[in-house]
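The values are calculated or read from the model by the stated rules, or taken from the named source; none is laboratory data. The structure displayed is predicted, hence computed values, not measured ones. A quick note on method: Cβ atoms are made from the backbone with ideal geometry, for glycine too, and the neighbour counts reach across all protein chains shown.
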């Protein structure tokens, strides 16, 4: 393993992230303020879900969910991908810039698991992902990490990553940051709620945090 990875700690990764986002990239550290959209359902079950949606497609997404609500229960799945819903929910329940940095890095790296990157790039990405995950495990429920999470889009092409030498962890953080920045510019987190007049989430809504 390259010497810059031998004794790396989460504190090292976050220190670099914090410095890199100090100026115009601060957008990735902002506490999410989800758009709220009322949706319809003909079921007794309340629709209450966070999702990433392109800024110019929010109204279309509302119409999509309303249409899905008219389908039989076994075919109804708002915007289809629960992995994206979990990632959005995780971001919404974050409480600090450091937690959001770890989420951005962890999901970005874990999204590259099947990218077939050449050795040792895949190993280095897994190592950085592991450090971010270790930090998140101190704050979030353990069951969360048994599932795959993903962003609605990966802006960094795996073909590009296969040509880059990851001789420093900062290179991986830079790519994760680039992906986070593009997501923040093109996508928004939206809360779809079929009972939007209620202030509290339904009883079935899961608290992802520990304690």
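Some values worked out for this structure:
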| quantity | calculated |
| --- | --- |
| The stretch 81-94, residues that are over 9 Å from the mean Cα position of the chain (by Cα) and without any contact (Cβ under 8 Å) to a residue 60 or more places away in the chain | 82 |
| Residue list for the stretch 96-138, restricted to those being over 20 Å from residue 163 (Cα atoms) and out of contact with any helix residue (DSSP H, G or I) (no Cβ under 8 Å at 6 or more places or on another chain) | 96, 130, 138 |
| Residue 177 being surrounded by 13 or more Cβ atoms within 10 Å (Cβ to Cβ) and over 19 Å from residue 108 (Cα atoms) | no |
| Tally of residues being surrounded by fewer than 20 Cβ atoms within 10 Å (Cβ to Cβ) and out of contact with any strand residue (DSSP E or B) (no Cβ under 6 Å at 6 or more places or on another chain) across the stretch 187-204 | 7 |
| Residue ID - surrounded by the most Cβ atoms within 10 Å (Cβ to Cβ), chosen from residues in the stretch 1-44 that are outside any loop (DSSP other than H, G, I, E, B) and at pLDDT below 80 | 5 |
| Given (1) surrounded by 14 or more Cβ atoms within 10 Å (Cβ to Cβ); (2) on the phi > 0 side of the Ramachandran plot, number of the condition residue 152 does not satisfy | (2) |
| For residue 140: the one exception among (1) under 24 Å from residue 23 (Cβ atoms); (2) within 15 Å of the chain's Cα centre (by Cα); (3) surrounded by 13 or more Cβ atoms within 10 Å (Cβ to Cβ) | (1) |
